[in-house]
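To start, the structure under review is shown below, and the notes come after it.
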Amino acid sequence: MRVELMSADELKTAMVERERSLREAVYIADGHLTLDLSYPYHIPLWRLDSPSKILRWVYHLSGKRWMTRGAIERFIELSLKQIGEDAESLP
């Protein structure tokens, strides 16, 4: 097996592309948080109005075959942001 190393510029480009891809796939619009990975999966924002509800959704979504670590991270970030929280400020 041959492993090719990326240059710093290639790595930066890949990271920017990954972030862009996640922004397009996990977003808030029309009163829903949408995860569009294998197909659009819409969650009404009222179902994400507390940290405990968000945690229940993280548990539920983590069991989906199409879920990725990056998408879960973006889901958490957006969910917490829409209720005025961030992961660093939670107890």
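Tabulated data
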read-out: Global geometry of the chain, whether rounded, prolate or oblate, following the gyration tensor of its Cα atoms and the 1.5 cut on a/c; value: prolate
read-out: The chain - charge dipole about Cα centre, Lys and Arg +1 at Cβ, Asp and Glu -1, debye rounded to 20; value: 420 debye
read-out: Under 28 Å from Lys12, Cα to Cα: lysines that are on another chain or at least 8 residues apart; value: Lys81
read-out: Lys81 versus Glu19: modelled label distance in nm, points set 7 Å from Cα along the beta carbon direction; value: 1.1 nm
read-out: 3J(HN,Hα) from dihedral phi, the range 5-13, Karplus parametrisation 6.51/-1.76/1.60, rounded to Hz, x for glycine, proline; value: 8, 8, 6, 4, 5, 5, 5, 4, 4
read-out: Cut-off under 5 Å, modelled amide H: who pairs with Leu33 long-range; value: Ile43, Leu45
read-out: Aspartates and glutamates whose Cα lies under 16 Å from that of Lys64, excluding same-chain neighbours fewer than 8 positions away; value: Asp36, Glu73
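None of the figures in this text is laboratory data; all of them are computed from the coordinates on show. Note that the coordinates shown come from a computational prediction; the quantities given were computed from them, not determined experimentally. All Cβ positions, glycine included, derive from the backbone under ideal geometry; neighbour counts span all protein chains shown.
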